[in-house]
Every structure is written in structure tokens, then in C-alpha cells.
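Report on one structure; see the data block that follows.
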Amino acid sequence: MFKALFCFALLAVGAGSAQQAATGDSTVLVLNRVEKTRPLPNGLSATISGVMVEITALRPDVIRVRVGRNKTLPEDASWAVLPEARRAASSVEADSSAEAVGFHTAALRVSLDRRSGMLRVTDTAGHLLQQDMRPVEFHGSSFRLYKTMQPDEHFFGLGDKTGPLDRRNQAFTDWNTDAFGFQESTDPIYKSIPFFISFNEGRAVGVLFDNTFRSSFDFGKEMANAYSFGAPDGPLDYYVFYGPTPRKVVETYAWLTGPSPLPPLWSLGFQQSRYSYYPESRLMAVADRLREDRIPADALYLDIDYQKENRPFTVDEVRFPHFSSMIEELAKKHFHVVVITDLHIANLPGSGYAPYDTGAAGDHFVKNADGSTYVAPVWPGPAVFPDFTQAQSRAWWGTLYDGFYKEGVAGFWNDMNEPAVFKTPTKTMPDTVQHRIDEPGFKPRTATHLEIHNVFGMQNTRGTYEGLLKLKPDQRPFVLTRASYAGGQRYAATWTGDNSSTWNHLRMTTPMLLNLGLSGFGMSGADVGGFAGTPQPDLLTKWLEMGTFQPIDRDHTAKGTGDQEPWVHGIVQEAIRRRYIEERYRLMPYLYTMAEEMSRTGMPIVRPLFLDFPNATPDGHPLDLDAGGEFLFGPDLLVAPSPYPDELDPYELKLPPGDWYDYWTGKLTARVTSTSTRDAEQPLAVTPADSQRTQAAKEMTAPPASEAHPLMITPSLETLPVYVRGGAILPVQPLVQSTEEKPEGPLTLRVYVPGPARTGTPDCHGSVYLDDGISFAFRTGQFLRMDSTCALVGNELHIRVGAHQGSFRPWWQSLRIEVYGWRTSVSIATADNQPVQQTSGGGDALAFTLPDPGTGVELVLK
């Protein structure tokens, strides 16, 4: 009876704790007695209940907390956090009183209660950012941290967990799992990203818990006034970093773990896939149909059936008798081929299977506890698994791509890398499997699968990415992964795994992608149309519409399902689908510019509203909680699908403060001066169009909304509501059929005139970035960046297109400037003081076509 109660208590402390009870490790250690402290140049060291604790400032806004239960700190090594970030140090000023000891930086105050050993972090104004609710406890090797949860605190992140965008009142486990058929309550699934953002009263704090074991997170589910996180083993090592804006937190997370690299341009184009396209003639027919129907596309995927008996790094010569020439022919048609290369190597000794033979010769495979090679069934039958925690094994893995790369394969898809194993109740390797850590920055040692499981897929993609770089040093790799860990965005893009062809899965996609983006994976997508099952015609159409406004736009489905290409279901559905795919290609300059920003700052391409509008509500809660399925596509476009896409009822549009234009018509939709509270009966505060306008600006189209009535949208199959931020200058190109096709005509800059700002001058700006789309020449200045601004000066509108930065020559020679929200005609228009003629703009837009000299130009409208 006592043993049963004890096991129950351990389960309450943290995921995996029952394992400690099973092994008889019942030691309970409560860190509640501060015995001594010592100031450090960048923080403090303390002994609490015999345990060593170190709290240091990496930057004024970033602290790291490390606890060593064996009187020594954990090894200072990480698969996630970059060495240069871990080595960073910020000077601090010590604080001490009878009650607490601590330090402060220019941004944070850190204090350790002398009586309880509990940690408290505030900003310099005294706002509480994080507070231990109870002392840290160890139960054997297991531990859990409880933090006070504020009444209106909200949580985001953890990657692509299912459920609502806000993690509050939910609990999650990090244990990478092959979760085919996952549903809204399924957990865990494919990735483990132990990072989250706390957002409270408009202030954001990031927390990264760097522990690769089966960790768990609880955001008020166990206790209404606490959130907690912990693990059954491994280091107690976490980072706390302050915004106060969510944007700053996301950028700091990228500083810690690295941003996504700049992807090849073609990977942002439309991608067509299924499990599986074979034989060769079927793939060629799909390619030809895309071109015949003039559906823009850039990538085609080959799933496992292109391989001989599902063996990685082979080709079935019966199904694909002309593989090399097929790749060459598709390249001529401007298609990039992505092939799957799973990590399970067929166990075929003495059969002439080079991946096995070279791997065995180099001792590159994972071992059992007795030292024998671990063998388990996956797609090719009995298989062995590379030991990716060895640098030399990752290097060997990278060499396996040489043949495909030489044949012109453009990208690689690392699937099944949780790792997934068949015919086992856990769907993965046994806990006792051994991994050898032989890695710069780590002490050489052997670790069990319990420690390595969550980073196995990440290190798989690292081996792929670094191997491709070695094979073609001046070509940006494209790697797509299903499983990963924090920091894995440095090596691969990702998708949300094996979703289903249901309306609910379409709805689930947005919060999954938004939380992935907040968690570092800005290059992400979901299987458009759903993987499991055949989508209804309208569902596929709606999903293709949504895919246009996601970083990766890949139409993919499972074996045994119906055809899912854009032309299925007839010409009416195809026409709608084509229109949205075309719009993605028109927006390619904007999308690529966002991807470049992501590669520098970590800012995701798709974003929750609170990331760019943290102060959108009077009480500081995230506007997303009111806004259904809305999200931002970059800084300037707001996508507003129905919160329940299969419902036919009108739904309310919630917009952040500012002017918002209808993307499709160019008409001003609303001027929002403040947003509602969470009272559903409180309407948006929308002012009339001519409020506080200059005389010249009064002639803009009035929005069809007033303060008395909320903005309502009636769903329709052919329209996905999209809005543009007033003050945006949006770059748009002529339609092409692939990213390799040179656009013919001018670059269009759509200027959406902003309304009056509450303080200062209205913000109006835009940027466009361009390079060759495939190499690293941009690192040596071979890129183009062009920034633009606009300003209201009395009754004049001044639009300034900046000079070209960088040495890359653009495809355009002229600019078409379209102006929305201004007069429908002008008396005088000048470019650099020379008269220019208005051209047809369509609707209420003004349009002017000007040469682009590359040195900048100023257009003035009077």
C-alpha cells in the first residue's frame, strides 16, 4: 500500500518519476536552505541544501540557471544552445539584504530568498516576470520546478503541439513520437521543443528548459495558480529572457539557438507530393499536367516507393528505369525533385548494399546494451540506425548523398526520425539502447536512448545538412524533417506530420504553425489537403487557399487515398486553387524578403497577432484569444479564415489598431483605434474614414463599418479574407510558372497610405530583398535590398524608393507604384521633380510606372 502511494506521489512531481520509484531511488531533496552564496562577475553562485546553484547573466536581458544535485554543476554542453551564447557574460551589480541575495542588470533584477531558496525575477521597474512557487525538489534523479502563474498569464510555444494557440490550462510531454492519426488532444507528437513564451499584461518572457530527457510542462492544469516543468533525469539547466516585447523574446531565442538559414528560393514555391508517385511515367505526367494547366509549381516529391524494396539511398530501376535522365528532364521544366532518405539502413551484410557496408566498416550504428548492433523492423524490414551523436558518424551519413546530389536531386526529406520503429509497443527504440557521444563541446561518453531520443532526429538532419554543404559548399541545402529538438531549425525545415483530411485538421494547422514559428521553426508547413484520407472537394480548395499563406506549401497525401492534385474535382475547383497558387508567386518578393529576415532575426513568416501587436488590447491580453483563426503572414498581411472553416455562419473580424485594407480589392476596410475586451458583446472601435484626415486624404474610400457594428464576414468557397496593414509598401511581381522563370515587367510596389497615428508620424515603409536564390554569394554582398517609405506632408504624399543596396542586379528595370487610400486622381505627380503620368491602376488605386535607376527615386503626389 505504501509503495503504491509513493509511486503516485512521484508521478505528481513529474513525468518519468515512476521510473525512479521502480529502480528504488526514493531520495527526496528539497532545495529550501541557503547555506552560502558567492558573487560572480556575471551573477552569483550558491549552495542550497547541499546543492550547487549558479545563476548568471549572459546578457542584460538573459539569465541562465544551473543546478547540480551532486554538488557539481551539470556539464556545460548543449545540442540546442550555441556555444557563443552559452559563453556570453554580462556584468552585474550585486544586491544583498537580510531577506535575499541577488544581482541586477540594466534590464533585470534577480533575487534568491535566503529562507526558502526560491528565485524571483523582475524587470527594473518591479514587474514580476518569474517567481518560484515552491523550492526546487529532486526525487532521485527526477525534478520539477513550480512557478507562480499570474491570473491573466498566457503561454505559447513548445513547437507543433496540438490544441489551442494558448497553452494555458494544458499539459504536455516532450517525447518525439510517430503519431499517425493524431487528433486535437494527442500528445506527445513528433517534435520536442522545450521553449515557451509567457505573456502577461503586454510583457513577454521566454523560457528554454534545455533537457533532452522525457520532459513535461504543465500550464495550470495541475494547479490553478502555477505552471511547472521538469524531467526524470538530466541537467537542471534553463534560460529566462525578457522582452518586454514578444518580438524581442523571439529574436533572443534565435540568438540562443540560431535562426533558420536562408532557404533556396525554389523551396518557397508550390510543392506537389504524395505517398507515392510511381512509376516514373506517373511523376512525369503530374509534372506535365502542372505545366499544361499553368499551375505554378517548383517541387515534386518522391516518397519511399522510388527505392528498391524501401531501402534508403537506392532506386527501384523497374519503376524508375531512367532516374538520372528523369531528374534532368524535370530540371529543364523547372522542377526540383525532393527525395525521401529515411535513417533506417537495411540490415543487409554481405549483399553489396553500400550504406550498410560502409556504415558497418566505420562502426557507425547504434548499439544494444551488450555491445551488439541494434536491429529493428522499419520500412525495409530489419534495419540498423546511424549513431548520430558521433560527429564521425554524421560525417559518414553525409557522404551517402553524393550520388543523388550529382544526379541533380535538389532536396532531401528525413522522415521516420523520431526514431520510429515497427512492432514495438513504444513505437521507438528500447530505453537501454546505447548512443556514443563523441562530439566537440561534449565529454566523450555513452548515453542511453532515454537521453538521446529527443535529439536523434535533430542530429539526423544535422548530418544531412552538413553533409550536403560539404558536397556542394556554395549551394543552400534543403532538408525537410519530421522530428527535431530546440535548435533543429539550424538544419531543416519541418512539417506537422501525418495529419488527416478533415475540416478540424485544417483548423488545427494554424495554431500548430504559429507555435512552431515562435519556437524557431519559421520554415514550416502542414500537408495541404491532409495526409490520411481523401479530402472533400471544398476542403481541398480551402486548404490550398490557406497553403498560399504558409511558409511551405506542399500538397501531400497517403497511399490508398484519392488523387489530390489541384485539378481534381473539376475546372471550377481548379480555377479557384490555381488563383491562390498564382497569388503566392505574385507575392514571392514579399515572401522571400520575409525568409531573409527570418534568417537574420528568427522572426517567423507566419505569426500570431500579438507578436507584432502586443499592445492591441486595453488590458494587455493577446488579441489572438479574441480573433479565431486569424494570423499574420509577415508584418503586413493579416489572414482571417473562419475560426471553424466548415461552418457557413458569418463570423466577426478582429483587427489590430490601425488602417486595414482588403488585399483583394484595395479598399479600406476599417480604421481601428482600439480593440475590444474579451466581452463578446463589445464591438470593435472603428472610426469613420475621414476622421483626423488631411483634406487630401479625406477622399479615400470610407470603410463599411462603424463603431456601433462589428465587422462581419460571410464565408465563401472562393474567397479567403486577407487584409493589408495601412502603411505597408508591398512588393509584388508579374506571374511566373516557377521561381526559375524570370518575371517579365516591372516590380510593383503597392503603397497603402496609413491613417493618422495617435502620436507622431504614421509609419509607412516596406522592403524587398533579392539574390540568386540558391548560393551563398549574398554573404559577400551579392544581394539587393531596397527600402521604401511614404509620408504625408501637408496635402502631399511623398513616396521614397531607396537606393539599391548590394551588388546583385534585379530582374526589373522599372517600378510600378500603386497607391491605395489616396485620391482617385492627382493634379500633379513628379518623380525627382520631373512630371510623370498616371497609368491605369484599376479600381480606386493610382498607378505610376517609373524607371528604376538604382540610386533611389522620390514620387510626390499633390
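Tabulated data for the structure shown
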{"item": "Matching residues, region 465-503, being assigned to a loop (DSSP other than H, G, I, E, B) and more than 23 Å from LEU518 (Cβ to Cβ)", "result": "LYS472, PRO473, ASP474, GLN475, ARG476, PRO477, SER501, THR502"}
{"item": "Selected residue [under 25 Å from ASP771 (Cα atoms), of a type in the set (D, E, K, R) and outside the structural domain of LEU735 (by TED's automatic domain parsing)] from ASP288, ASP298, ASP303", "result": "ASP298"}
{"item": "Scope region 259-296; condition surrounded by fewer than 21 Cβ atoms within 10 Å (Cβ to Cβ), in a loop (DSSP other than H, G, I, E, B) and small (Gly, Ala, Ser); matching residues", "result": "SER276"}
{"item": "Only one of GLU84, GLU99 that is of a type in the set (Asp, Glu) and out of contact with any Asp or Glu (no Cβ under 9 Å at 6 or more places or on another chain)", "result": "GLU84"}
{"item": "Considering residues of region 803-841 that are within 22 Å of PRO743 (Cβ to Cβ) and without any contact (Cβ under 8 Å) to a residue 24 or more places away in the chain only, the residue surrounded by the most Cβ atoms within 10 Å (Cβ to Cβ)", "result": "GLY841"}
{"item": "Checking GLU652 against (1) crowded, with 20+ Cβ neighbours inside 10 Å; (2) assigned to a strand (DSSP E or B); (3) modelled with pLDDT of 50 or more, the condition it does not meet", "result": "(1)"}
{"item": "Answer from SER484, SER501 - the residue that is farther than 17 Å from SER599 by Cβ, out of contact with any helix residue (DSSP H, G or I) (no Cβ under 6 Å at 6 or more places or on another chain) and in contact (Cβ under 8 Å) with a residue 60 or more places away in the chain", "result": "SER501"}
{"item": "Restricting region 394-419 to residues that are small (Gly, Ala, Ser) and either assigned to a loop (DSSP other than H, G, I, E, B) or out of contact with any Phe, Trp or Tyr (no Cβ under 8 Å at 6 or more places or on another chain) (or both), the residue that is nearest to PRO263 (Cα to Cα)", "result": "ALA410"}
{"item": "Residue check for PRO382: in the same structural domain as TYR277 (by TED's automatic domain parsing), in contact (Cβ under 8 Å) with a residue 24 or more places away in the chain, not aliphatic (A, V, I, L, M) and not in a helix (DSSP H, G or I)", "result": "yes"}
{"item": "Residue count for region 848-861, restricted to those that are under 14 Å from VAL753 (Cβ atoms) and either in a loop (DSSP other than H, G, I, E, B) or of a type in the set (Gly, Ala, Ser) (or both)", "result": "0"}
{"item": "Complete set of residues in region 658-698 that are in a loop (DSSP other than H, G, I, E, B), surrounded by fewer than 20 Cβ atoms within 10 Å (Cβ to Cβ) and at pLDDT 95 or above", "result": "TRP664, THR665, LYS667"}
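The values are calculated or read from the model by the stated rules, or taken from the named source; none is laboratory data. Please read all numbers here as calculations on a predicted model, not as lab measurements. Heads up, the Cβs are rebuilt from the backbone with ideal geometry, glycines too, and the neighbour counts pull from every protein chain shown.
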